Amino acid sequence: MDVSTLVFLALQLGIFLIAISIHEAAHAYAAYRLGDDTAVRLGRLTINPVKHIDPMMSIVVPVVLLLTLGFAFGGAKPVPVVPYNLREPRRDMMWIAWAGPASNVAQAILFSLLLVPILWLVKLGVLAGAAEWVVRLAMFGVLVNLILAGFNMIPVPPLDGSRIAKALLPERAAAFLDRIEPVGLIIILVLLATGIVDVFLTPIQSLAHLMLLVPTYLVP
């Protein structure tokens, strides 16, 4: 593998780390606004990746996936939230959970919008040799953020979708999600290994492709 490829992979990893850092900071901010300052006191209300990364899930796993499959995926350290500090714990935990995926959708939209001036500069020849890299990184920013948002909405603990589901489901169903949380990661791995997770990610990938097409139509 040549140096240019390694540099490009490093830039992709950087985009991924920023994406998960903003995701976790959004959880921290939502919790703070709703009454719990635990994450703020622990320094988690920041987009500094150092505060959020988990060595295995934030670096090792994404790098291995990038090198083997050409795509990065992983996670960060969960933001701690003390429900008893919230004004309405059941409802507020739902809004805190929503904040993470919403931040990724916002980042995907931003990367999509950035493609418009980038493509104009490419057309004018301003970016020259770096054009392909810049465009591919912006496209990666759209795709990885939408997949992070979609994957986190799967209603299996400890993913954000389970927190949202617990606020909307009857108490007995919500209690079931609490009971399976200790084996939640195993369930997620099974979903990944069997391809069932594609049911959630295929529409997300289609949306990503649509968001990538729009800028090309805006730059004739």
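Counted over all Cα-Cα pairs of the chain, pairs farther apart than 23 Å make up 51 percent. Note on residue 173 and residue 61: the extension gain reaches 37.1 nm, defined as 0.36 nm multiplied by sequence separation minus the Cα-Cα distance.
Rounded to the nearest 20, the size of the Cβ-charge dipole of the range 160-214 about its Cα centre is 80 debye, with Lys and Arg at +1 and Asp and Glu at -1. A Gaussian network model of the chain, with springs between Cα atoms under 10 Å, assigns the largest mean-square fluctuation among 145, 104, 48 to 48.
Note on the range 132-156 and the range 76-111: Cα centroid distance 18 Å, given to the nearest whole angstrom. Counting alpha carbon pairs within less than 8 Å and at least 6 residues apart, what relative contact order, in whole percent, applies to the chain? With pairs under 8 Å counted, the relative contact order is 20 percent.
Between residue 85 and residue 205, the C-beta separation translates, for a Förster distance of 30 Å, into a calculated FRET efficiency of about 0.20. Given R0 = 30 Å, the distance between the Cβ atoms of residue 11 and residue 38 translates into a calculated FRET efficiency of 0.35. Our estimate of slack between residue 102 and residue 213, defined as 0.36 nm per intervening residue step minus the Cα-Cα distance, is 37.8 nm. GNM on the chain, alpha-carbon springs under 10 angstrom: the most fluctuating residue among 56, 94, 153 is 56.
Read-outs throughout are calculated quantities, based only on the coordinates presented, and are distinct from any laboratory measurement. None of these values were measured; they are calculated from a predicted model. Please note: Cβ atoms are built from the backbone with ideal geometry, for glycine as well, and neighbour counts cover all protein chains shown.
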